[in-house]
Every structure is written in structure tokens, then in C-alpha cells.
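K.L.:
For reference, the structure I am asking about is given below.
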């Protein structure tokens, strides 16, 4: 019962209440921090490009500044877009991704400039080759990222399309499996849709769509998954019927392994689901069940590959290479052996930008880019790149901690984990820690699908971190202005009908 | 290119790369430090103020104003919301400021409104009620710093 003395709707004019505490007061606008860090990142990419050209072609060509300047324009565009669309977002994401993406573009140009007769060449144009393609894809990805930022104004709105996106994700995963090999097979993995002049990897986009569904589903089911359990060996194990969805995703990822012949993608989907499940329920038993199921499935595939061959043979070969690459160093193990030799040649400080032999490793522009880069920038350089990945993942998890709704927490946690898992799977494969799987290195490898999908992933993290860091009275950019959709304004009207 | 230039470029690049990493870590450190500083000032519960005439601007001293709403118990424990002037709505509805997935919470459970520096807690006709410390909230009640607000299994506190 409200009395006359009760506070009515709160004052809307600023200055009437306590001073709004800017949550990050004293640190200035996060967008300016972001801009400064992007400038530093581009400076590093520029230095690398110049040093690389000096090393590779003994001169700094007149074209050396073009990729860096183009990148600068687009990253600046995203920074400006952030000022309007996500003013409170974490300032770390954009510069960290900018550094890795810029290094990717620069290193692909380095591969273009690797040639036995390079010194006879007179044209060092930046408008051709892998580097230029990657530059175009980066531009397209950033344009798309801005569209995503503009369309998805509130990450919670994604949960409304959870079932649609989940279905779309499954369809995207299945398309390459049912297409004839002519249209979907590249280097032994059936992961592609080939349109003739270019091909896309639908699984990269399916990742994000499936994560939306996982997060939505687990928010609904977290109580029953975390509360109903049997205690066994000091761990809480779920009831048999609650295992259903886990088994379903496990079966799906094994089917990816068998029909698309790709362990990496299969590991990504399953790892993503188990991690989201663990974040939702805080039950370590899910991690153990997940690892057990995946390990068992992979071991079974290995045994079957030896016995019956067929769809399992590809995986068997990869596992054998992993166990002893030097036993067949000239044929099957050639790629991994060259990668290990390259990393070894680089040593601690690398051979120097532009002074390695990246083309010795087959597919250096895709899966093995971290080995090619590692040869030239050494352990110190490669570690720095990996630390930057770690920082992106860490800030993603930080956004998950900060955001106020369960869906956002699960979604951001899942996105951050997915990125980290992908880096682990491919860098682990290249350095012979785990069996090699055909994953791209996020933001570094040549390839449009992967670049674009990972930019969307980071854009969604930017969107969620904006929600997590926004003070409760709406965007700081427009104090007193109309609050964003779903914000407090709507609720003032609502309160009147509740008061009796 | 002279060899010395190449050597300088090679090591200079690595140094720059690590300068970037440490600059980013520095930004993160400042970010966390700012969060931790306000977290350390935990006000002790002061009991519930009797009437609503309190909390005029003159009485609100610096440092006593609530700047954060912290979830201290329940599924969202550890979440903090920085308070502005706009009301904070709490409930299971997706458009609430604080969305809680708690079986004992209603879709639109309660809200916190600010007036002249004092925050008032108001129950929005919830099924299971809103409690300020031990007392059930029936009319808008002023919320002192550090006193737990209980909604279902979730508890919240205002912090400076």
C-alpha cells in the first residue's frame, strides 16, 4: 500500500539525487583507452611489416604502409562505432584482436614475398596474393561486426531466437556432410560448401548459433541438472535421464568426426557444450563425464580406424603421425616434421622477420601459421601472441562474471571458452602436444569464414561486456536521454499498474 | 640492408610486442583495482531506519551514499550493479535490471528506487515476499547500507 508520503516515480532530472558515480571514474573514457591501444597495436604491425620486408626483399617497398593504413581505417571505424553502439564496453577486446589480425595480414604478405627468385621480382604490390585477400576479408568482417553491434543492441534479445538459431546451427553443421565430396571436401576434411570461386566453412558460424541455444537451454535446465544427483566416489553425478542432452551433443560431435572427417570441429562442439554445462551447474562431474565420453569416443574411433578403416581411417592416420611423426618424415609426417623443425630453427628469438623459410611447411597459411610465424619471431614472439589470446579469453570470462543475467553469463563464458579451446587445439596440434586437427588459428590464419565468425564472436563479447560494465542508469553517452530498450523507462509505467 | 638494422628491427619488434602485452595488463590491473577498492569498504549492518523522512540531501554525507548493489547470496552471488538514479528492478522477467533465476522469485518481484540519495525498497506484489533483514516489506522502505535484502534464495546489499 503506497501512502502519500511514499516516493513516487523517481525524479528523472539529473542533479536531483546523488551524483551518479561514473563506475570507472578517474580512468577516462574506455573508448579513448581503446583507441590508444589500437594505435600501439598497429604500430607493432607496421614495425613488423617494415622489418619483414627488409629481411625478405632487402628493401622496404613503397607498398609497405598500405595494409597497415587500411587496417587502421577499419579499426578506427570500429572504435567510432563502439563509441555510439557500445560506449561502456571493455577496451581490451578491439586492440588485442587488432594486433593478432594485423599480424595475420602482415605474415600472409610475408608468405607472398617468399620466393626463390624474389630478388628478381620488381613488383612487390600489396594488392595481390594471400595478404591482400586477408585484408579484404578483414575489412568485410569488421563491416559485418559493426552491423552485428547495431542489430544486436541487447544480448538478451538473442535468447528469443534460441531454438531458431539452434536449428540453423545443426543445419549448418550437416550441410557439408550430406553434400557430395566434390562440393565439400578440401584437404580430406568435408567441412566446406564450395561455390566455385570461393568456399565457406559453415561450421564456423554454426559454433556461435549453437552456443546461443546451449546457453538458453541450460539456463532453463540448470536447476534440475545441478540439484538432482546421486553421490558417487565423492562427486555428484546426474541422474540417467538428465544425461540425455549431453549424450545427444556427444553423438552429434562423433558424427561430425566420422562424416566430416575432422576431429578439431568435433572437439570444438563437444568442448563448448561441456564447458557451458559446467559453468551453468558448477558440477565438476560434468567435466569428468565429458572428458570420459570424448576420450572414449576418440579411442574407439582410433581402434575402429585400425580394424575397419573406412570413415575412421583418416583419424587413425593423424593419431599415428602424432605418436611418431619422424617414422614417416618424408610423406605422412612431413607437414608436422617441418613445423617442428621450423619452430626449432626459430629458437628463443626467431630467425628474424622475413628471414625464415615458411613455405617449407605445407599449408603454412592455414593450420600451420603459428609454426611459420614462430620460426621467424621465436618463442618470445609466439608466446606474446598466445598471451594476447589468453587476455582476450580472460576478458571474455570477466564480462561473463560482470553481466547481470544468467543467459549472458553462460553465453559470454561459452564464447570465451570456445576461442580459448580453438587456440589450444590448433597450437597444440602444430606443436605435437595433441593429434593435429584441421582448425584455423583464430584471426591469424588465411580464410574468410573463420575470420568473420571469430569477429562476430568477439563483437558479441564486446556487446556483453558493454552490458556488464554499464552503470544501471543506461548508457553513459546520453545521460538523461531515453534509456535503451528494456531499460528502466518501461518499468516506471509498469509499476503503476502493480501498486494497489 | 645493413645487418645491424635487421638485428635492431628483429629485437625491437619483440620488445614492442611485449610492451603491448604489459600495457594491456596494466589497463586490466587498473580496471580490477578500481573494482576492488570499493569492494573493501564493507559497511556493517546498521539496522533498519524507522521512517521515511530520513535521507534528505543534507543528511547524506559523502561516502555514505550507496553506489553499488551487490548480490551476496544465491545463484548470482558476486554480481555488482553500479547505481545511478534510475530504479533497479529485480525479478525473473528478462527486462529486469537484475534478472534472477530463482524458483522463489516472481517475474516482477521488487524494485529499488532512489530519492534524494536514499534508496527505497518496494515489493511489486510478489508471491513469496521481499524481506529487508528479517522484516517483510509491505510498503516502500528505506534501505540502509549493508542490510541484506532477501528475495527467495537471493540476498542483496547496498554498498557505498
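Every number here is computed from the coordinates shown, using simple stated rules; none is lab data. As the structure is a prediction and not an experimental result, all values here were calculated from the model. As a convention, Cβ positions derive from the backbone with ideal geometry for all residues, glycine included, and neighbour counts pool all protein chains shown.
K.L.:
Once you put a point 7 Å from the Cα of residue B:128 and another 7 Å from the Cα of residue B:94, both along the Cβ direction, what distance in nm separates them?
P.N.:
2.3
K.L.:
Once you sort the root eigenvalues of the Cα gyration tensor of the range B:67-151 as a ≥ b ≥ c, which label holds: rounded (a/c under 1.5), prolate (a/b larger than b/c) or oblate (the other case)? Numbers along the way, then the final one.
P.N.:
Numbers: a/c = 1.34, a/b = 1.15, b/c = 1.17.
Rounded is the answer for the range B:67-151, as its axis ratio a/c remains below 1.5.
K.L.:
In whole angstrom, note down how far apart the Cα centers of the range A:445-459 and the range A:66-96 are.
P.N.:
Going from one Cα centre to the other spans 15 Å.
K.L.:
If each of residue A:313 and residue A:220 carries a label point 7 Å out from its Cα toward its Cβ, how far apart are those two points in nm?
P.N.:
In this crude label model, residue A:313 to residue A:220 measures out at 4.3 nm.
K.L.:
Can you give the average number of partner chain beta-carbon atoms within 10 Å of each beta-carbon in peptide B:86-95, as a whole number?
P.N.:
6
K.L.:
Next up: With r defined as the distance between the Cβ atoms of residue B:30 and residue A:303 and R0 fixed at 60 Å, what FRET efficiency is calculated, to the nearest 0.05?
P.N.:
Approximately 0.65, to the nearest 0.05.
K.L.:
Work out the mean other chain Cβ neighbour count within 10 Å for the residues of A:257-268 and drop it here as an integer. Walk me through the numbers on the way to the answer.
P.N.:
On the way: counts 0, 0, 0, 0, 0, 0, 0, 0, 0, 0, 0, 0.
Partner-chain Cβ atoms within 10 Å, mean over residues of A:257-268: 0.
K.L.:
Stretched out fully, how many nm does the piece from residue A:359 to residue A:143 gain, at 0.36 nm a residue minus the Cα gap?
P.N.:
Full-extension gain reported as 74.6 nm.
K.L.:
Shielding by partners for A:399-411, please: the mean number of other protein chain Cβ atoms within 10 Å of each residue's Cβ.
P.N.:
Per-residue shielding by partner chains comes out at 3.
K.L.:
Here's a follow-up. To the nearest 0.05, what FRET efficiency results for residue A:379 and residue A:163 with a Förster distance of 41 Å applied to their C-beta separation?
P.N.:
Calculated value: 0.30.
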